Amino acid sequence: MKRIVDGKEVELTKAEAKKLKAEWAATQDAAASVTADQVKQEAERRILSFVPEWKQRNLIAQASILAEKGRDNWSAEELTAWDAGHAIWAQVAVIRAKSDQIEAMDPIPADYQSDTYWS
């Protein structure tokens, strides 16, 4: 078996060829075994990386208080806080939508964690 190494074609030993084939097969098996749950876990990791759970709870509490107060009664500071929270939830929505798209792929790519699928 021949392979390109540093731009040159080289002959592999039988042991090297066997190892290469095994690595390739393992890669293919990994691609076939990616599940929707793994994609959901990656989405969760991405969401939590920029909006941890404590911040999500604070945003939900803030939204609840502001909803009770009524938008017409918000101060300029409260409106700014609402807009900032809305921007964060919009980013979460994008990640969730990308997750849905990846989960719908058949098969789900082995490199589903790559930013190319999430941006």
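Sequence neighbours fewer than 8 away in the same chain don't count; with that in mind, list the aspartates and glutamates whose C-alpha is under 13 Å from Lys21.
Straight-line reach from Lys21, under 13 Å: Asp29.
Between 0 and 90 degrees, rounded to the nearest ten: what's the tilt of helix 76-103 against the longest Cα principal axis of the chain?
30
Take the chain, connect every pair of alpha-carbon atoms lying under 10 Å apart with a spring to form a Gaussian network, then pick out the residue of Ala97, Ala43, Ala15 with the largest mean-square fluctuation.
Ala15
Report, to the nearest 10°, how far helix 53-69 tilts away from the longest principal axis of the Cα atoms in the chain, using its own Cα long axis and a range of 0 to 90°.
30
Hey, what angle do you get for helix 14-32 against the long axis of the chain, alpha-carbon based, 0 to 90 degrees rounded to 10?
30
Using 0.36 nm per residue of separation minus the Cα-Cα distance, give me the extension gain between Ala22 and Ala63 in nm, one decimal.
Using 0.36 nm per residue and subtracting the Cα-Cα distance, I get 9.4 nm.
Pick from Ala22, Ala87, Ala104: which residue has the top mean-square fluctuation in a GNM of the chain where Cα pairs under 10 Å get a spring?
The residue that fluctuates most here is Ala22.
Quick one: among Leu59, Leu12, Leu48, which has the greatest mean-square fluctuation in a GNM of the chain with alpha-carbon springs under 10 angstrom?
Per the Cα network of the chain with a 10 Å cutoff, Leu12 tops the list.
Determine the calculated [θ] at 222 nm for the chain from helices alone, applying -39500 (n - 2.57) to every DSSP H run no shorter than 4 residues and normalising by the residue count; nearest 500 deg cm²/dmol.
-23500 deg cm²/dmol, from helical runs alone.
Taken together, the values in this text are just the output of simple stated rules run on the coordinates, not laboratory data. Everything numeric in this text was worked out from a predicted model, so none of it was measured.
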